[in-house]
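Peer 1: My questions will all concern the structure given below.
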Amino acid sequence: MIRVVSELDYPPFALTTPDGQADGFTVELFKAVAKAMNLRYSMRVGPWGEIKNAVREGRADVLINMAYSEERAQFHDFTVPHTRVHGAIFVRRGERRIQTLTDLPGKSVLVLQGDLPHDWAVRQGWGTSLVVVNTAEEGLQLLASGQHDAMLIAKLVGLLTMRHLKLDNLVVVGPPLTEVEQKFCFAVRKGDAALLAQLNEGLALTVADGTFRELYDTWFGPLEPYRGIALEKLLLYMAPGLLLMLALLSWFHVRLRRATGALREAQQSLEQRVEERTAELRVANATLKREITERRRAEEALAALNMDLERHVRARVLRNSRPRTRSWSRLPIPSRMISRRRCAVLMAIVGSSWKNTESDWTRRDSGFWPTFVSAPSA
């Protein structure tokens, strides 16, 4: 929230409505600038002697109606001047002793407290002859009533105040006073470049869209012809803010490029890791498939071997289970010449030579006989 202060009574730049609200040309101009720049603010009014140091002392952020001077620039930064007003000498009608500034020394001269003509007059050494007042109305009413000799004030302010108060016995004498030309600006705290840039940009926008000209014609009318704001000076005042914005944009661009590069490297690293992991999984999957195929083949070979073995065993068992008879008459030794015991021994020797074939021996009489040998008769 920007804290804004405005002068209590400095027509037409700053006025106060009956309900205590700020009004005037600079008030409406600031509202237009704030709207163009989307600024949030609060505004209060006060006498010039109270508010002129508010920004310097940190009690406000913007003073919307301060004339530029080198002394004030030591403590404030100023926007591009939005209005230029020359000073003027106001006297009573018929006054012939005062026509120019050179006629004022030694005279009783009215000035506004803290106004630029007041500062200028003090620098000229007129301090003892100056009469300080708080408002333009107060000073011009004193002059119109016959008190003091002249009043030194901005010409536009004096004319509008005379019209408002209907003071017909006062006139302006001499040419416009370039010595006390007032360049009215928005003033901010010294060094507040960001806020200054925003206000200058807002002023440029109001000039571009015609709002400034509309406000100027409304408040000043034929009293002060519109001369506009010089574009080159506006750019000059905006240069610090523009340079700051360019520096910030450059910094942001560099940070963005670095972040983008880091993100790109991270993405490439991640893609490489994904490719490597995918390749590892592909190799592992191929190995697993090969192992599964080899295991299936081994299981099939084992199953076939088991079947062959089972078939072979069954065939052997079937062959061995068939009874075989061997006639005694075919033996090389006549059975009648061998006793029963000797025959048994001989048959045992012959049976051991038959490749260890299983034989089912059965007991017959008192000895063991193979089932495929018929026992000799006694």
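The values are calculated or read from the model by the stated rules, or taken from the named source; none is laboratory data. Keep in mind that this is a model prediction, so the values were computed, not measured. Cβ coordinates were reconstructed from backbone atoms using ideal geometry, including for glycine residues, and neighbour counts include every protein chain displayed.
Peer 1: As an exercise: evaluate Val180 against (1) touching a helix residue (DSSP H, G or I) at 6+ places or on another chain (Cβ under 6 Å); (2) over 12 Å from His86 (Cα atoms) and give the number of the one condition it does not meet.
Peer 2: For Val180, the exception is condition (2).
Peer 1: Which one is surrounded by the fewest Cβ atoms within 10 Å (Cβ to Cβ) among residues in segment 155-167 that are under 24 Å from Ile64 (Cα atoms) and either at pLDDT 95 or above or touching a Ser or Thr at 6+ places or on another chain (Cβ under 9 Å) (or both)?
Peer 2: Out of the qualifying residues, it is Leu156.
Peer 1: Do we find that Ala197 is out of contact with any Lys or Arg (no Cβ under 7 Å at 6 or more places or on another chain), in contact (Cβ under 8 Å) with a residue 40 or more places away in the chain and closer than 18 Å to Asp23 by Cβ in this structure? Walk me through how you get there before you give the answer.
Peer 2: Values: out of contact with any Lys or Arg (no Cβ under 7 Å at 6 or more places or on another chain): yes; in contact (Cβ under 8 Å) with a residue 40 or more places away in the chain: yes; closer than 18 Å to Asp23 by Cβ: no.
No, not satisfied.
Peer 1: Then there is this: Which of the residues belonging to segment 36-51 are of a type in the set (D, E, K, R) and in a strand (DSSP E or B)?
Peer 2: To start, the set of residues in segment 36-51 that are of a type in the set (D, E, K, R) comprises 40, 44, 50.
Once the filter is applied, which keeps residues that are of a type in the set (D, E, K, R) and in a strand (DSSP E or B), segment 36-51 yields only Arg44.
Conditions tested, residue by residue: (1) crowded, with 18+ Cβ neighbours inside 10 Å; (2) in the same structural domain as Gly58 (by TED's automatic domain parsing); (3) at pLDDT below 90.
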residue: Ala73; (1), (2), (3): no, yes, no
residue: Phe78; (1), (2), (3): yes, yes, no
residue: Arg93; (1), (2), (3): no, yes, no
residue: Arg97; (1), (2), (3): no, yes, no
residue: Asp115; (1), (2), (3): yes, yes, yes
residue: Asp119; (1), (2), (3): no, yes, yes
residue: Val131; (1), (2), (3): no, yes, no
residue: Asn134; (1), (2), (3): no, yes, yes
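Peer 1: Only one of Leu170, Leu177, Leu195, Leu152 is crowded, with 22+ Cβ neighbours inside 10 Å and in contact with a strand residue (DSSP E or B) (Cβ under 9 Å, 6 or more places away or on another chain); which? Show your work before the answer.
Peer 2: Working: Leu170 fails: crowded, with 22+ Cβ neighbours inside 10 Å; Leu177 fails: crowded, with 22+ Cβ neighbours inside 10 Å; Leu195 fails: crowded, with 22+ Cβ neighbours inside 10 Å.
Only one candidate passes the filter, namely Leu152.
Peer 1: If you don't mind, there's one more thing I want to ask. Val27 - would you say it is touching a helix residue (DSSP H, G or I) at 6+ places or on another chain (Cβ under 6 Å) and either outside any strand (DSSP E or B) or not assigned by TED's automatic domain parsing to the domain that holds Arg59 (or both)?
Peer 2: Working: touching a helix residue (DSSP H, G or I) at 6+ places or on another chain (Cβ under 6 Å): no; either outside any strand (DSSP E or B) or not assigned by TED's automatic domain parsing to the domain that holds Arg59 (or both): yes.
No; evaluated as a whole, the condition is false for this residue.
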